[in-house]
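Undergrad: Have a look at this one before I ask anything.
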Amino acid sequence: MQQEAQARTALACAAVEIGMLCACRVISAWRRRMRWGKRGGTIGRMLRKIDCVMLRVPDLDAAVGYYGRVFGLGQLWRDEVSVGMGMPETDAEIVLHTLDLPPGQGVHCLVDDVPAAVEQCRSQGCVVRRESFAIAIGWCAVLEDPFGNAISILDTSTGLRT
């Protein structure tokens, strides 16, 4: 307990030297590491972060204009059927798209390896709604938790968009 308090104090002091905003981020990261370090199992560590929230729109140009003007999002990348929009305090993206995707697959979590994650989840009794399929940046799959919720996972095994 005393070591944790000393570590917290040292982190806070160091962070204050580089600015209050950074202090909050450093302490927040430290808390996340402490919480995750106390959890067991590998399933809980599979999902690394929310990578994107996908929103279907009928017109990409109109949607880009709207999300830029109303919410202050900036365009990060674009292809024929989708546009990645960025927010200032996260690297998660709002992806505006015209793809015909099944409903309930808006939030996508990043994993290291989709095919391996699918097999690991399947071995734990998870339902696989949609097997691994190729996407522009790697692989994607859709799982289902015991409560009927879709969990979309993706990896960036072929490289991020620029």
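Read the figures in this text as sums done on the coordinates, not as results from a lab. Quick caveat, the model's predicted, so the values are computed rather than measured. Backbone-built Cβ (ideal geometry, glycine too); neighbour counts: all protein chains shown.
Undergrad: Examine the range 87-106 for a residue that is free of Cβ contacts under 8 Å to residues at least 60 places away in the same chain and farther than 26 Å from Y67 by Cα, and state whether such a residue exists.
TA: The answer is no; no qualifying residue exists.
Undergrad: Scan the range 108-145 for residues that are without any contact (Cβ under 8 Å) to a residue 60 or more places away in the chain, small (G, A, S) and under 25 Å from G159 (Cα atoms) and jot them down.
TA: Listed by number, the residues that qualify are A116, S132, A134, A136, G138, A141.
Undergrad: Just give me the residues in the range 137-151 being surrounded by 13 or more Cβ atoms within 10 Å (Cβ to Cβ) and in a loop (DSSP other than H, G, I, E, B), in sequence order.
TA: The one that is surrounded by 13 or more Cβ atoms within 10 Å (Cβ to Cβ) and in a loop (DSSP other than H, G, I, E, B): I137.
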